[in-house]
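Trainee: I have a structure I would like to understand better, so I am pasting it below and will then ask my questions one at a time.
The values are calculated or read from the model by the stated rules, or taken from the named source; none is laboratory data. Note that this is a predicted model, so its numbers are computed, not measured. In this analysis, Cβ positions are derived from the backbone assuming ideal geometry, glycine residues included, and neighbour counts consider all displayed protein chains.
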Amino acid sequence: MGVGIPSMQVSDPTQARAGLTKALAEPGPFLLDVVTDPNALPPRIDAAQVRGFALAAGKIVLAGGVGRMVDMARSNLRNIPRP
């Protein structure tokens, strides 16, 4: 129970559908806590998103956040298709 209402935390992506199904089956309020990777990028992106990402990355690097950019790159390596 979270804050007096039924709740569930989902940290495994394979359990997201089950968590959502459980939340929607409740007759009243339900707290569904979904843990996500803040550095993750979507698997498919368009040119506008690439431009926005490049601008944001440049600002982060210029502000001294090179380590943060390295962390973001590492967390997104899983999205690169492998032959």
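Trainee: In the range 54-83, what residues are modelled with pLDDT under 75, assigned to a loop (DSSP other than H, G, I, E, B) and of a type in the set (A, V, I, L, M, F, W, C)?
Mentor: Answer for the range 54-83, where residues must be modelled with pLDDT under 75, assigned to a loop (DSSP other than H, G, I, E, B) and of a type in the set (A, V, I, L, M, F, W, C): just I80.
Trainee: From the set of residues in the range 36-53 that are outside any loop (DSSP other than H, G, I, E, B) and among the hydrophobic types (A, V, I, L, M, F, W, C), which is nearest to the chain's Cα centre (by Cα)?
Mentor: Of everything passing the filter in the range 36-53, F53 is nearest to the chain's Cα centre (by Cα).
Trainee: Can you tell me which residues in the range 35-67 are surrounded by 12 or more Cβ atoms within 10 Å (Cβ to Cβ) and polar (S, T, N, Q)?
Mentor: N39, Q49
Trainee: I need a count of the residues in the range 1-34 that are surrounded by 11 or more Cβ atoms within 10 Å (Cβ to Cβ) and either in a helix (DSSP H, G or I) or of a type in the set (K, R) (or both).
Mentor: Of the residues in the range 1-34, 8 are surrounded by 11 or more Cβ atoms within 10 Å (Cβ to Cβ) and either in a helix (DSSP H, G or I) or of a type in the set (K, R) (or both).
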